[in-house]
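Data block below; observations after.
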Amino acid sequence: MPAIAGNSLLLDELRQMKRKQHLPHALLLHGERGCGKKLIAKWYTMLALCEEQEHAPCGRCRSCRLLLDDAHPDVTYAEHSGKRGGFSVETARNVRRDAAVLPNNGALRIFLFTDADGMTVQAQNALLKSVEEPLPHACFVFTAETAGVLLPTLLSRMTAKAVFPVTEEECASALTRLEYSPSDVQRAVSHFSGNIGRCIAYLSDSAMQQSVEYASGLTAALAAQDEYEMLRLLTAAAADKEILRRTLGMLDLQIRDAALLSLRGEFGQLGCDRGSAQQLAHRLTPNRTAAMHSAVSEAIADLDGNVGAALTASALCASLSES
């Protein structure tokens with residue numbers, strides 16, 4: 001079965017729903033990227049379809065074994081499409097049509113919409129009737145970073161549950177079970193704390209490691225108001241347009257972390273470097289935060305609009321130096 005670290009209260013609550021035969025016909029799992037939403041969605045699918053009532057998911061029954069092999073005929077992952085990785089109206093209509101078909105093996109057919117953040121209004125509306133007036137055998141599972149990305153009309157028809165990052169100790173233990181070396185575990189956890197998914201992505205992706213290094217350095221340079229260092233790092237990142245884009249996305253999260261610490265005295269980490277975010281927090285004002293976020297967002301939009309990486313980096317450096 002999927003090995004899930006943390007979120008024990010959520011898992012226990014869903015188990016209780018299964019025992020009482022009150023599983024929701026539509027479930028939304030929301031939380032920051034990498035916190036395990038898709039893994040819990042798969043676990044929930046096993047729970048809902050498991051032939052064992054009291055100890056589901058058992059991992060041994062025919063349904064559980066089929067799910068572990070990704071071969072269950074009553075489980076459908078909706079297909080992503082488009083630049084934002086959303087779901088087309090056609091996909092939503094196909095799911096609505098398929099939901100009318102009776103299950104092959106048991107009492108339910110389950111349709112999963114993972115990473116539903118990019119789901120268009122049109123696709124949501126196409127799916128609304130199926131979620132609003134569900135057939136007894138149809139179940140829908142969504143994952144998204146925030147519940148607010150879904151239309152209120154759709155959201156009101158589902159049960160929304162938050163998924164949280166785990167503790168640093170739980171994260172380190174999970175990474176160790178995946179046979180990462182102690183040094184790699186320590187390095188990943190130092191950047192992404194209890195977010196197991198982001199730790200794994202960091203350890204398996206050299207481009208992400210480079211982006212983290214650049215974003216950490218840029219945050220420190222912003223804190224020190226070191227224009228030369230900012231230009232050096234942005235120019236280096238601009239040698240690869242995708243690395244620059246990822247660096248800017250990470251930098252924006254660093255600015256967000258620093259702003260939260262500055263304004264509320266709280267540190268809810270979404271970025272990659274707690275130390276440099278803390279340094280930046282001491283120099284932030286609401287106006288400077290807004291100006292930096294606006295500059296970074298504009299640079300990302302320029303990259304998406306095919307503006308050259310070097311020109312984007314140079315313009316961003318000038319904007320950040322003025323903020």
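Quick one: in the range 120-158, of everything that is under 19 Å from Leu11 (Cα atoms) and over 19 Å from the mean Cα position of the chain (by Cα), which residue is surrounded by the fewest Cβ atoms within 10 Å (Cβ to Cβ)?
Ranking the qualifying residues of the range 120-158, first place goes to Met158.
Kindly provide the set of residues from the range 94-137 that are among the β-branched types (Val, Ile, Thr) and assigned to a helix (DSSP H, G or I), ordered by number.
If the condition is that a residue be among the β-branched types (Val, Ile, Thr) and assigned to a helix (DSSP H, G or I), then Val95, Val121, Val131 are the ones that fit.
Could you tell me which numbered condition Lys38 fails, if it satisfies all but one of (1) outside any helix (DSSP H, G or I); (2) in contact (Cβ under 8 Å) with a residue 40 or more places away in the chain; (3) surrounded by fewer than 20 Cβ atoms within 10 Å (Cβ to Cβ); (4) in contact with a strand residue (DSSP E or B) (Cβ under 9 Å, 6 or more places away or on another chain)?
(1)
Between residues in the range 278-290 that are over 9 Å from Ala259 (Cα atoms) and residues that are part of a loop (DSSP other than H, G, I, E, B) and small (Gly, Ala, Ser), which pairs lie under 8 Å by C-beta distance while being six or more apart or on different chains?
That search, which allows pairs on different chains as well, returns Arg288/Ser323.
When you go through Ala162, Ala188, Ala174 one by one, which is the residue that is in contact with a strand residue (DSSP E or B) (Cβ under 8 Å, 6 or more places away or on another chain), over 28 Å from Ala318 (Cβ atoms) and hydrophobic (A, V, I, L, M, F, W, C)?
Ala162
Just one of Ala172, Ala215, Ala224, Ala220 is farther than 15 Å from Arg274 by Cβ and in the same structural domain as Asp273 (by TED's automatic domain parsing); which is it?
Ala224
Quick one: in the range 1-25, which of the residues that are outside any helix (DSSP H, G or I) and more than 19 Å from the chain's Cα centre (by Cα) is nearest to Leu68 (Cα to Cα)?
Met1
Conditions tested, residue by residue: (1) of a type in the set (A, V, I, L, M, F, W, C); (2) within 30 Å of Leu14 (Cβ to Cβ).
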position	(1), (2)
Ala160	yes, yes
Glu169	no, yes
Ala172	yes, yes
Arg177	no, yes
Phe192	yes, yes
Ser204	no, yes
Ala237	yes, no
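Which condition from (1) aliphatic (A, V, I, L, M); (2) modelled with pLDDT under 95; (3) within 20 Å of His25 (Cα to Cα); (4) not in a helix (DSSP H, G or I) is the one that Val166 breaks?
Tallying (1) aliphatic (A, V, I, L, M); (2) modelled with pLDDT under 95; (3) within 20 Å of His25 (Cα to Cα); (4) not in a helix (DSSP H, G or I), Val166 fails exactly one: (3).
The values are calculated or read from the model by the stated rules, or taken from the named source; none is laboratory data. For clarity, every value in this text was computed on a predicted model and none was experimentally measured. Backbone-built Cβ (ideal geometry, glycine too); neighbour counts: all protein chains shown.
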